[in-house]
Every structure is written in structure tokens, then in C-alpha cells.
1. For region 554-580, enumerate the residues that are within 18 Å of Arg716 (Cα to Cα) and in a helix (DSSP H, G or I).
2. With the requirement that a residue be modelled with pLDDT under 80 and in a loop (DSSP other than H, G, I, E, B), what does region 137-174 give you?
3. Given Lys493, Lys427, which one is at pLDDT 85 or above and among the basic types (Lys, Arg)?
4. Need pairs with beta-carbon distance below 6 Å; first residue of a type in the set (Ser, Thr, Tyr) and within region 105-120, second surrounded by 11 or more Cβ atoms within 10 Å (Cβ to Cβ); sequence gap 6+ or separate chains.
5. In region 61-89, which residues are assigned to a helix (DSSP H, G or I), at pLDDT 90 or above and β-branched (Val, Ile, Thr)?
6. Residue under question is Phe233, and the condition is that it be closer than 17 Å to Phe276 by Cα and in the same structural domain as Val356 (by TED's automatic domain parsing); does it hold?
7. Scan region 278-295 for residues that are aliphatic (A, V, I, L, M), touching a Pro at 6+ places or on another chain (Cβ under 9 Å) and at pLDDT 90 or above and jot them down.
8. Looking for whichever is outside the structural domain of Phe303 (by TED's automatic domain parsing) and either touching a helix residue (DSSP H, G or I) at 6+ places or on another chain (Cβ under 8 Å) or β-branched (Val, Ile, Thr) (or both) here; the options are Glu84, Glu33. Which one fits?
Amino acid sequence: MTLGRHDIKMEKSLRRPGPAAGIRFGKVTALLEKIAHALTRKPKLVVLIAVLLLIPSILGAVATRINYDILTYLPPDLDSSKGEALLEEPFHMAATTMLIVEDMPPEYTNQLRRDVEQVPGVSSAVWVSSLVGIQIPQEMIPEDLRETFFSGSSTMMIVQYDMPGASEQTMQAISQVRSLCNQRCFLAGFSVLIKDTKDLVDQELPVYILLAVVLSFIAMSLTMDSWLLPLAFLMSIGLAILYNFGTNIFLGQISYITKAIAAVLQLGVTMDYSIFLYHRYEEERANHDDNRDAMAKAIVAAFTSLSGSSLTTIAGFLALCAMRLLLGKDIGIVMAKGVVLGVATVVLVLPAILLVLDRGIRKYHHRTLNLNFDRVNRFMVRHRKAFVALFLVLFLPAVYAQSHAAVYYKLDEALPQDLPSIVATNKLKNDYDMATSHFIVFRDDLSHNALKKMEEAVDAVPGVTSVLAYDKLMSAAVPDFFVPQELKDLCKKDGLQLMMVNSAYPAASDEVAQQLDAIDGIVKSLDPNAYITGEAALTKDLISTAAVDFKITNYISVAAIFLIVAILFQSISVPLLLVAAIELAIFINQGVSYFTGAVVPFVAPTIIGCVQLGATVDYAILMTTRFREEIQKGRERKEAIYVAAAASDNSILTSALVLFCATLGVGTVSKIEIISSLCLMLARGAIISAVMSVFILPSLLAVCEPVIARTSRWWRTPKPLKVPQVRKALAAKAAGTETLPGAPAGQPAPEAPEKDPAAAEKH
């Protein structure tokens, strides 16, 4: 096509900076437009396909294994992890429980031992009758055995299982063992804690989801004028959540923490995507006679915007994958996948749902809560320097409080203290002076003198209450050739020997850490390749691993999001301001526990740091984008930030309110403190980030705008259009379907306001 003089003039004018970022065409856009057109022509078919996809999703979700043992997520190269692997194979002792029987005759306990051994999944049940018989009076039993298995009127049985403590087989075995016991029996051990955790999560999960849905519906109803609109959004997000859980089958398993919070977290962080699509659809309706055409335009616009804005959230979640504790990778992959599926569902399925329910959405209207921050915004603009000063003043105490907030690592502290496993564990501590047990795996060819030296040295370590070893128990009772092979296999197998050390010190304490160091020195002096494992050893490694993870993941998340924002705005200063604002919100959120004296779970700082940054930096991006638009229109910076704040406040607060409500319900009702703490911190973090974006960030942007202009490309003027874009615009103009820069479809582009260069430089 040959361009006329008028068209060439127009081409040149369009190539100059205009009032908007430009028109984006290309193969991707063309493909999107075709897909959008197809989706909007058969909305009922799209909804039907989306519903049918629930079948494999539900099957996949049911088949996905849930891991309730956080300690199994430790790096496999640690000595404690290697020792735990040896307990599984060859000893089949990765799961060990203690069964306390109170005020019952020996005959009952001996019969109970036999019944327990018959339970599928139980490898052995060891009591004094296994070693010396029940005919021998208690006072005649060797002292080592008596101190180990008796305390006052109670006796203790050691029950071991074939599979690891978090396996389904062990869970079922524990249930059957409990069914054999009367009310005077108490089953203790880390595996039992895992079982009770599983039962509690399974019981509470439906309540979590119901509360999140109800509270999110209420939050959206306050700001949306249709009763059906929140339901449409919840339907779409519900589909995305089920798709996400269904695709977890490809991961093999997920943790119980991921299972508990993934649904509500996905609901909270992806809801604003649905809101954006609907708002864009409403804008396009004014320019199209056919709602389907309007929705097709909205789909293309939504995909372009959401694919970019969701990157920060995805980056925040993927940063968790850098944790050496593989729990981070578990949560990170599931949630990043959830965001991707959330965007896909918003673009592909939600438009069909909205078109199907369109009449009902417009029919069932109600009044909304319309918050007006006009006075607040004017006050903020007038006192912007004071708000900047407040921002700087808050940093030091917030950083100090965040770094000194107390955390706990002992997992039984996260459970209700009236659980049967907790009651039994307390009895074990009080009656048998056994707060935890260490398992030492070493080679079997050590001499008798070396073994005796090791046993005596370990027994003399402060806090050690008893040592159970083959030579110590068997030699005192019966000759070796009388010992049944199944009992020998408990302590000796495949050239390895096992020693069990009971400790009065609880896991995650400073005392048990020193005790483990002392035992490790003793054992390694005789066998450098020996391993110490058990709850305390695993927890000790968990503490050191988590400390490193917190620093690494936060550095990675900050760097990744800084880079994304820098590319988005083509600026060095903008990502500094935005990341600093949200990081301050994170520090304040984590520092609250320091001032309140609360103790939070060890995973909270790492997860909150990445998730809150990734999920709420969008608030700051929204405010900054609108501020740049107003600057590019020629507005003076004070007026520009006022307009930007007025336009963004409700969107930011609505998004934050949904995330707050989705997580608040879980945090309030959950009896598992690790889940409750995480959700309450996420709820609190959403509000703090919103407040920071609405009240502090505008002042930062207004004051720093001259610096931003000097350190950013295309800040005060839009990026010029490329020649191919201009030619396509002219071709569209010739066809009568043009959409010029900065103009709604079918309307001419507004002229940019005159800018006084001197005034621009001044401001």
C-alpha cells in the first residue's frame, strides 16, 4: 500500500512520543485474538469442558500423597538424614513409638505385646518379656532393663514399624495399635505426633476452605454491586484451585502445610486477576454492541497485563525453591503453579462464566461500600515530606524487631496440648525422663571393649537417662546363643549395629544440641563413619538449615522482583522504592511478634518474606503505573500522585481485603499453631502492605519523582511507537477499525496536554 502525504505526516507524528505506551501487535496478539473470539462464541461449551476437567483433577488430588513429617524435607546429604535412611533400611526402624501401660498386670502387657506384633506394619514390639520372660519378679530383673522398662506402677513397651513414620502404612498401624489399648495405655513418639497432625489437618481443612470462601464473598460483596459477581469469581478460582491440586500428582507428594494453606493462599493472591478482567470487560462494553466482542477484547488486554503482573508473585514463590529445606520447594512449586493456573483460568474460563451469568449479574444488584479517601489523599500530598520521614524512621526499629523475633523449632509445640500424642509424650518425659531419643548407627565389627567404652562414655554424657544396646542388654540377661534372631535383627543387621540413647533434654533445646555434639565426638572417635539420628538430631540440623535458608531465599526474592520491576518500568530508582516500601511492610509484619512476645514457627520468616513480597508488590506497581501515566499526561507531580492515589486506593484495598479474609479465617480457627501463625501473618501482611502502598508509597513517589525521571527511560514521555506498529495502525485506520494510542476502541486518541518544559523541569 502506498502512503499519501497526509498518512506519512501521521506516521511521523505517531512515531513521536504520544500519550500512551503504544499499540502491541504481532503473532502472539493475533493468536490471542483468535482464541478469545472462539472462547466467547461458545461460552457454555467452555464451561462444560472446564467442569469435565475437574474429573482428572479430583482423581489426581486424591492420589497425591500428603507428607506430614517436616523433618523428611531436610537435605539428604546431612548425617542425620543419612542415619534416618539406615533406620529405614536395613533396620526397618525409622518409626519407633513408646507404649506406656499403667496399673495393669504383667499378663495383660505381655498379651498386648503379642497382639501389637500381629498388627500389619509393626516390625517388633519389645518389652521385658521379649528378653527375660514375665515369671521373673521385677526386683530380680537386671537394673539396666528395670530402669528402661519400668517406672513406678507403669511399664513401657518399644514398638517399631516397617515403614517411615509419615507413611500411610505406619499411620494405619498406629491406629490399629491404639484400638488394642485400653484407657490406661498411652502411645508416644514422633510418629504418633505425625498421626495426630494428619487427623487434625484432615478434620480442619474443609473448615478452612469454607471460611475462606464465605469471608471472601463478604469482602467482595462490600465493593461489588452484584450478588452473582463474587460467585462467578469464586467459581473460577475454585476451578483453578482444583486444577492445581490435581496436577500435584506429578510431584508425587506435597506437605501437609502446603495442603492446608495452598487453597486459601491461591484464592487470596489470584482474586484481583478476576477483578481486573471484569473491570476491563465493563470498559469494553461501552465500545461494542456485542458483549462477546467486548469480552474478547478484554481477554487480550487481561492476558497482556496479567502475564506481566503475575511474574512478581510467581518469582516470590519460586524463590522458596532455593531453600535447602525441601519444604520450600514443595510450597514454592505448588503456589507458583497455582498462580499460572489462576491466570490461565481467568483468561480462558472466567470470561465464559461471566457471559453465561451476564443477565443475572446485572439483575441482582445491591448498594456497595464506597470508601472515599479524598481528604486523606489531600492530607498525604500536603505532608508528603513528613510521610517520607516516617518511612525512614520506621526502618531501623522494624528491622531490629524482625531480626529479634523469637521462633520455635519443636514441632509438638505447634499442636494442641490435649492431643493423645502430646499427653503420652508428657508422660514419657515425666515418668521415664525421656524427652527424646537418639539413634546411633555404627559398624558391627567394633571390639567388645570398644563397644563397652562407647556405651559407658555415652551413658556419662549429661542428660542421658539410658542407653539401649545389644551388648548392654543381652549380655546381662541371657547368653548370646539363646537370643532369638528377630531380636538380634533389632540391633544388628548387614554389618551395622544400632544403639538407642534416651535423653532428658527436649528436641530443639540448647542442652540437647550440646549433648549431641558430645555424643558425636565419642562415637566418631571409634567409628568416623557413624551416624546419629532421631528427632533431636534432625531438628538440630533443621535449625542450622533454616537459618541459612532465610537469608538466601530473601536475597533471591528481592533480587528477582527488583529485576522484574526494573524491566517493567525501565528504571533503577523505581524498583528501589517499591521493594523498599514492601520490605518495610514485611519487617513490620514480622516484627509484631517481637513486640507482642509471640513465638512463631521457624518457617514463618522465610515463607512470609517471599510470599508477602511477591503477592503484595502488585499494590505498589499499580500505584506507580498510574502515577507514571498521569506524569506522562503532563500533570504536575503533586496533582499526578493525588489522581493516582484516588484511582488506585479502592483497587488496592479490595485486593488486600480479599487476601486478608481468605487467610484470616484459617488463622483464627486452626488448632495447628504452625498453620495458624502462617495464615495470621499473611492476613496481617496484606493489610500492612496495602497501608504502605496507599499512604507511604505515594509520598515517596512524589518526593523522589525528579530522581526517578533522571534514572528511568520513558518516564515523563511514553515510549515512541515502532514503524511496523504505526503502519498497522494506519492500515486499521483505512479499514475503519483503528485504535489509536491512548484512545478507547473506535474513538480518536485524545491530545496530550501542553507541557511547559520549564515547569516540567521544575517539578
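The values are calculated or read from the model by the stated rules, or taken from the named source; none is laboratory data. Predicted model only: the values in this text are computed from it and were never measured. Reconstructed Cβ throughout: ideal geometry from the backbone, glycine too, with neighbour counts over all protein chains shown.
1. Val565, Ala566, Ile567, Leu568, Phe569, Ser573, Val574, Pro575, Leu577
2. Pro137, Ile141, Pro142
3. Result: Lys427 is the single residue among Lys493, Lys427 that is at pLDDT 85 or above and among the basic types (Lys, Arg).
4. Thr109/Val101; Thr109/Thr155
5. Val62 - this is the single residue of region 61-89 that is assigned to a helix (DSSP H, G or I), at pLDDT 90 or above and β-branched (Val, Ile, Thr).
6. It is true that Phe233 is closer than 17 Å to Phe276 by Cα and in the same structural domain as Val356 (by TED's automatic domain parsing).
7. Within region 278-295, just Met295 meets the criteria.
8. Glu84
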